[in-house]
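Chemist: To start, I am sharing the structure in question, which I have written as structure tokens.
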Amino acid sequence: MSRPDAVPQQAAVADTDRRTMVLESAMATFARYGYRKTSMEEVARAAHISRPGLYFLFSSKETLFRAAVTQTLERDVTAAERVLTDDSRPLSERLLEAFDQWAGRYIGPLTRDIPAVVEAHPDLLGPIVDTMPRRFEELITDAIAVESGREAARPLAQTMISSSIGLKHQAASREFYLDRLAIAISLLLR
């Protein structure tokens, strides 16, 4: 016999999964067409829901865009944090994987446009475009501080982030980015 509260809990999980799927579809659609050229109709089609269903979840394209970017950035920071707190692995490996989660996944022909669409519309996104990169920097700094001390950690973290940004704009592939970043990390941690 099922519990009376099981049905509402299952519905809540299904709603959360549906919202997540819609936001993933929206992010891919915004990346493909850009913010201005993306319509709610296009996002609804990509998410396999009706346009009224999309408007039920998100009142406007701006609200949808903000939610999609927020979900993406939160997912990336959470993945980086999970990697960095795994003390069973060497620091250099954890740093490289954290940068891959934060930036590496957006290198290559199919994903290159995601950061561009985010960077082109900071006015629509609010403080998240500043708070999430700061949070990522804090995570990198904290991981380095365990081995190098707090004073040395911040400039090392900032230099690694600068290296990552430069490589991201230079790299034609994720593999190139990761190979070069691994070299930078190993040099900086000496």
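Chemist: Can you name the helices (runs of 4 or more DSSP H) wholly within the range 63-147 that have at least 1 residues being closer than 17 Å to TYR33 by Cα? Give the steps one after another, and end with the answer.
Modeler: Values: elements: 91-102, 113-119, 122-125.
Of the helices (runs of 4 or more DSSP H) lying wholly inside the range 63-147, those with at least 1 residues that are closer than 17 Å to TYR33 by Cα span 113-119, 122-125.
Chemist: Please go through the range 150-169 and pick out each residue that is open to solvent by less than 30 Å² (accessible area, probe 1.4 Å) and closer than 12 Å to PHE136 by Cβ.
Modeler: ALA157, MET160, SER164
Yes/no per residue for (1) modelled with pLDDT under 95; (2) within 18 Å of THR29 (Cβ to Cβ); (3) in contact with a Ser or Thr (Cβ under 9 Å, 6 or more places away or on another chain):
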position: ARG89; (1), (2), (3): no, no, no
position: ARG94; (1), (2), (3): no, no, yes
position: LEU124; (1), (2), (3): yes, yes, no
position: VAL129; (1), (2), (3): yes, no, no
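Chemist: Report, by residue number, each residue of the range 141-177 that is of a type outside the set (Gly, Ala, Ser), touching a Leu at 6+ places or on another chain (Cβ under 7 Å) and under 21 Å from ASP87 (Cα atoms).
Modeler: Of the residues in the range 141-177, the ones of a type outside the set (Gly, Ala, Ser) are 141-142, 144, 146-147, 150-151, 154-156, 158-161, 165, 167-170, 174-177.
Filter again for touching a Leu at 6+ places or on another chain (Cβ under 7 Å), leaving 144, 147, 156, 159-160, 167, 177.
Within the range 141-177, ILE144, GLU147, LEU156, MET160 meet the criteria.
Chemist: Among (1) modelled with pLDDT of 90 or more; (2) assigned to a helix (DSSP H, G or I); (3) surrounded by fewer than 17 Cβ atoms within 10 Å (Cβ to Cβ), there is one condition ARG18 misses while meeting the rest; what is its number?
Modeler: The failed condition is (1).
Chemist: In addition: I'm trying to understand the selection: among the residues of the range 43-80, which are over 22 Å from the mean Cα position of the chain (by Cα) and open to solvent by 50 Å² or more (accessible area, probe 1.4 Å)?
Modeler: ARG45, HIS48, SER50, ARG51, PRO52, TYR55, PHE56, SER59
Chemist: Would you tally the residues in the range 60-95 being farther than 29 Å from ARG19 by Cα and without any contact (Cβ under 8 Å) to a residue 60 or more places away in the chain?
Modeler: The initial filter retains those residues of the range 60-95 that are farther than 29 Å from ARG19 by Cα, namely 86-95.
Add one more test, that the residue is without any contact (Cβ under 8 Å) to a residue 60 or more places away in the chain, and what stays is 86-90, 93-94.
Within the range 60-95, residues that are farther than 29 Å from ARG19 by Cα and without any contact (Cβ under 8 Å) to a residue 60 or more places away in the chain number 7.
Chemist: Does the range 161-171 contain at least one residue that is under 17 Å from the mean Cα position of the chain (by Cα) and outside any helix (DSSP H, G or I)?
Modeler: No, because not a single residue in the range 161-171 is under 17 Å from the mean Cα position of the chain (by Cα) and outside any helix (DSSP H, G or I).
Chemist: For the range 50-59, does any single residue satisfy the condition of being in contact with a helix residue (DSSP H, G or I) (Cβ under 9 Å, 6 or more places away or on another chain), of a type outside the set (S, T, N, Q) and either in contact (Cβ under 8 Å) with a residue 40 or more places away in the chain or on the phi > 0 side of the Ramachandran plot (or both)? Quick ask: steps written out before the conclusion?
Modeler: The first filter runs over the range 50-59 and keeps only residues in contact with a helix residue (DSSP H, G or I) (Cβ under 9 Å, 6 or more places away or on another chain), leaving 50-55, 57-58.
Subsequent filtering for residues that are of a type outside the set (S, T, N, Q) retains 51-55, 57-58.
Among the residues that remain, those that are also either in contact (Cβ under 8 Å) with a residue 40 or more places away in the chain or on the phi > 0 side of the Ramachandran plot (or both) are: none.
Within the range 50-59, not a single residue is in contact with a helix residue (DSSP H, G or I) (Cβ under 9 Å, 6 or more places away or on another chain), of a type outside the set (S, T, N, Q) and either in contact (Cβ under 8 Å) with a residue 40 or more places away in the chain or on the phi > 0 side of the Ramachandran plot (or both).
The values are calculated or read from the model by the stated rules, or taken from the named source; none is laboratory data. These figures come from a predicted structure and were not determined experimentally. Glycine gets a Cβ as well: all are built from the backbone with ideal geometry, and neighbour counts include every protein chain shown. Calculation scope for accessible area: heavy atoms of the full protein, side chains included, ligands and nucleic acids excluded. Shrake-Rupley method; radii C 1.70, N 1.55, O 1.52, S 1.80 Å.
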